[in-house]
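Take a look at the structure set out below.
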Amino acid sequence: KMETVRELEQRIKDDPKAINDIVQILEIAQDAKAKEELRLFAFKAASRTFFHLLENNETYAKFSLANVVQGGEEPPKKRQKKGSANELSAKEVQEVVGAWIRDKFVEFYKLILKAIKSGKFSASSVCELAKISLLIIEVQSRYVLLHQLHFALEDAPHIKNFSALVSVILPLDFVQHEALFSSLKERFLIPFDDVRFVFLSAVSRSLKAFRLSEATKDLGERLSVTVLKLVHDLPLIQPHQFFFVLPIDEAKRAKELSDKSGQKRSYKDMVQNLDFDNTVYTLTAQQQMFQSVVFSIVDGSLFTDIPKQLYKRFLEVAPVHILPKLTNPAQLLDFLSTTFKRGGISAILSLESLFFLITKFNLDVPDFYKRLYSLFEPKLFHAKHAVKLLEMSEIFLSSSHIGEAVIASFVKRLARLTLRAPPNVVGTIFVLLHPLFLRFPSLNPLLHRSTASSGVLFLKAAEVACSEDPFNEDEPDPALTNANQSSLWEIASARNHYYPPLGVFAKVFDSPIHKFQEKKSISTFANDTFQNNFSAYIRVKHKKGVPLHFEPAKHLFSDKDSSFLVGWDLQTPSSSSSSSSSL
């Protein structure tokens with residue numbers, strides 16, 4: 001049947017009177033029983049046929065691409081001529097045929113959208129169908145520009161077709177159709193400001209329509225994740241490059257636009273004479289539309305609970321890619337505050353967004369430091385976002401408005417966590433604590449305070465039990481933990497840490513801390529894992545060899561009094577041996 005499609009396509013190109021053959025091509029394209037390869041081939045053949053007809057006949061293009069033009073012409077109807085049969089002039093026949101092509105052209109575009117939506121095509125085929133759709137939209141856009149047709153934004157045929165395409169491809173799985181979404185983003189959404197605006201408008205309508213439908217929760221999650229991946233890093237700048245109403249390529253379009261005398265029109269003249277309202281493409285309009293999409297994603301009415309994948313993804317990109325683009329970012333304060341109160345990984349990810357709102361808009365988050373204090377838990381420091389928490393904590397703890405008891409609680413809590421945290425996190429905690437003693441001189445007694453019971457310096461006695469420590473580890477309020485009455489014996493214990501660099505770094509707290517000391521970055525220990533250091537140490541070449549033992553071993557245990565045998569009785573009872581032999 002592919003050969004049949006080729007013959008039909010060639011016949012239409014060779015003989016304009018065979019235009020009815022395009023109906024057969026469309027029938028093959030929409031035949032659900034046909035193979036995917038054949039249907040895709042028919043779609044491509046139909047697109048090539050339509051473009052051939054429209055490029056070679058201005059009258060066809062006029063009635064096919066313009067669809068509904070304000071004050072435009074409709075194809076003439078048959079009229080009765082005096083003294084002759086019902087007949088039309090050659091020009092009127094072309095107009096009637098052009099209107100028929102228009103109807104088939106519209107039908108063809110709807111068939112493409114239906115095929116994409118059906119789910120019966122592979123990801124690569126869907127990408128090919130979407131490219132055909134975008135090519136149709138580009139041809140329509142070019143015709144509108146060449147003839148300077150005036151449309152209201154919602155009535156322009158190419159914009160309506162683009163919005164329809166967006167609503168069809170959004171529910172597709174992003175991972176499976178990543179090539180399609182990447183092509184759409186790189187070729188259209190990022191370069192062209194008006195395409196970006198129309199896309200955001202179509203996305204906003206699609207999300208609202210989804211909430212009113214009876215779609216499944218899985219579909220809603222997939223839709224929102226796809227939207228977030230597409231829009232979060234779109235540039236919102238003062239519009240200057242257009243696709244729908246201004247040329248894609250200035251030189252190419254300027255060459256195509258020539259007056260009747262054959263003199264080429266400049267790009268500047270073409271823009272000045274263009275009869276189109278571009279006020280909807282302003283930066284403010286784009287920001288408002290972007291904000292509408294963002295609020296639709298995190299709106300509580302969209303899901304009972306925001307899916308974990310979407311929640312995490314949104315919090316990761318919000319501080320850099322979303323909040324700065326909103327017209328009123330403060331409206332997300334309730335959402336971020338609720339996330340922060342929940343604790344866990346999501347609370348850590350929300351810290352940077354909250355910092356943006358606090359510093360830029362002077363907003364207040366109730367019990368902020370109490371919630372931040374609750375995030376410092378041993379289990380959290382084994383997650384990959386532990387370093388992120390410490391980096392943000394360094395910023396928040398640098399405030400001079402924190403009370404002495406509160407900052408002492410944070411320091412003590414962090415020092416206590418060094419007993420259980422992995423080496424890279426312990427090093428990061430030390431980097432965080434070191435400048436705090438310079439910024440808050442009231443913390444220095446914590447390094448040198450002795451116990452009331454034994455009089456032994458905590459700094460030099462890591463053996464002191466936690467039960468003697470006045471610090472209340474279970475108190476959730478950092479102002480009530482008695483940390484300012486405690487001592488940092490945990491730092492002294494780190495001098496004997498199994499990871500040598502940490503032991504060396506812990507000794508820095510023994511000497512007086514002054515402002516001229518070199519300040520280390522938190523990232524110094526961020527990627528310093530045990531596996532990385534082990535791999536580095538085993539590559540070190542020792543000239544004198546590595547001492548493995550000091551006395552040659554003759555037996556598994558040297559004698560009966562060996563320390564290895566303490567607590568073990570290696571004598572097998574006779575009863576056990578007899579029972580074993582009987583078995």
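A few remarks follow.
- Look at the Cα gyration tensor of region 300-425: its axes a ≥ b ≥ c give a/c of at least 1.5 with a/b at or below b/c, and that counts as oblate.
- Sorting the segments 481-488, 440-447, 95-102, 26-33 by their residues' average number of neighbouring beta-carbon atoms within 10 angstrom, most packed first, yields 481-488, 95-102, 440-447, 26-33.
- Sum of side-chain charges, Ile190 neighbourhood, beta-carbon under 11 Å (Lys, Arg +1; Asp, Glu -1): 0
- Reciprocal of mean inverse Cα separation for region 341-381 (Kirkwood radius, Å): 10.9
- Within the shell defined by Cβ-Cβ distances under 15 Å, the residues around Ala115 carry a net charge of +3, with Lys and Arg each +1 and Asp and Glu each -1.
- Protection-proxy order for peptides 312-323, 197-208, each taking the mean of Cβ atoms within 10 Å per residue, highest first: 197-208, 312-323
- Residue pairs, from the table Lys312/Lys412; Lys120/Lys185; Lys33/Lys229; Lys117/Lys208; Lys13/Lys120; Lys379/Lys412, whose Cα atoms sit over 27 Å apart: Lys312/Lys412; Lys33/Lys229; Lys13/Lys120
- Per-residue accessible area (protein heavy atoms, 1.4 Å probe) orders Thr339, Thr359, Thr282 as Thr359, Thr282, Thr339, starting from the largest.
- Packing order of peptides 13-20, 498-505, highest average first: 498-505, 13-20 (average count of other Cβ atoms within 10 Å over each peptide's residues).
- Whole-Hz couplings from phi, Karplus 6.51/-1.76/1.60, listed for region 354-362; x for Gly and Pro: 5, 4, 4, 5, 5, 7, 7, 10, 6
The values are calculated or read from the model by the stated rules, or taken from the named source; none is laboratory data. All figures in this text were calculated on a predicted structure; none of them were measured in a lab. Cβ: placed from backbone, ideal geometry, glycine included. Neighbour counts: every protein chain shown. Each accessible area value is taken on the protein alone, full model and side chains, heavy atoms only, with ligands, DNA and RNA left out. Shrake-Rupley method; radii C 1.70, N 1.55, O 1.52, S 1.80 Å.
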